[in-house]
Amino acid sequence: MSPRTAEEVARKTAVVLPAAGTVTVIPRDNLRIHTYEAPETAVFVNSHILETEDRLIVVDTQLLRPHAEEFRRYADSLSKPIDRVIITHSHPDHWFGCEYFRDVPIHALAEVADGITGGGEAMIQAYAPIFGDAITETVTAPEHVIRPGTGTVDGVRLVYEKVDGGEAGVNLVIELPDQRVLLAQDMVYNRVHVFLQQKEMGPWLAHLRRYLEGEYDFVLSGHGLPANMQALADMVGYLETAETALAESNDVESLKKHLVGKYPLYRGDYILDISGRYLYGGE
Ligand SMILES: [Zn+2]
């Protein structure tokens, strides 16, 4: 099946889909990092490309077809072979776009691959009424297993960490120690409201405080633009506020009042409405 173009998708779907994402490029020694941030419709989700001297490593593949397709075209424009795709966790905004990378080996932690293989179809069924043809119809699951520890691709060291108790049940965090980069993905949202599905923030906060003891020049988030250590400190503050707000709230309106009141300039407050369905049930 050939991928549909953004125009074809836009014609067939009921929702309005701004096609263009925002690309940021960070040059480091022996490495360029490209970040593609989706527009609001797709919760500002980030896909990254780690461009080594001769290869590309893609991290996460977008939620909606127009953005996944545009991101793939951007990767192809760099004119280097894609060595692999890495999927950091099983939430749909990070792997639905894998259908555009079926020609590339797709890697993930075993728990993440199992989550997509076992739960992917249900996720597609849940999102189809909202996004119609703008999401994938089939599960493209990772087939290569990442084990925590250090790997090397084209001379660049990647340290893989399996993190429990964060934004998803299991999140992959990648450290690039030689370039002083932390690819935290959804452990950090940068100036975007956070998807919350639990009331206990202790384990998540403990991981963030541990990263704050490191020394990174850049911190790459799963939602929101690339940042530095400040994004870690901001995320700690946000989750501490959220923990208090969750303890004092019995519904999503109250939760939003707390968090939007404290963070009025953060984007994507509708992500809190989505969170409310998980926290308080209902539609
Ligand atoms: Zn996400």
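The values are calculated or read from the model by the stated rules, or taken from the named source; none is laboratory data. Only a predicted model underlies this, so the values are computations on that prediction, with no experimental measurement involved. In this analysis, Cβ positions are derived from the backbone assuming ideal geometry, glycine residues included, and neighbour counts consider all displayed protein chains. Only protein heavy atoms, including side chains, enter the accessible area calculation; ligands, DNA and RNA are left aside. Shrake-Rupley method; radii C 1.70, N 1.55, O 1.52, S 1.80 Å.
Let me confirm something: among T150, T136, which residue is open to solvent by 10 Å² or more (accessible area, probe 1.4 Å) and among the polar types (S, T, N, Q)? Before the answer, list the steps.
Numbers: T136 fails: open to solvent by 10 Å² or more (accessible area, probe 1.4 Å).
Just a single option satisfies the conditions, and that option is T150.
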| request: Select from the stretch 19-38 the residues that are closer than 19 Å to R191 by Cβ, at pLDDT below 95 and assigned to a loop (DSSP other than H, G, I, E, B) and list them in ascending order. | output: G21
| said: Just checking, does the stretch 148-159 include any residue being touching a residue at least 24 places away in the same chain (Cβ under 8 Å) and of a type in the set (K, R)? | reply: no
| note | Scanning the stretch 86-115 for residues that are in contact with a helix residue (DSSP H, G or I) (Cβ under 7 Å, 6 or more places away or on another chain), more than 16 Å from the ligand (Cβ to nearest atom) and of a type in the set (A, V, I, L, M) gives I106
| field | Among (1) among the small types (G, A, S); (2) under 26 Å from I49 (Cα atoms); (3) without any contact (Cβ under 8 Å) to a residue 40 or more places away in the chain, the one test that G237 misses | value | (2)
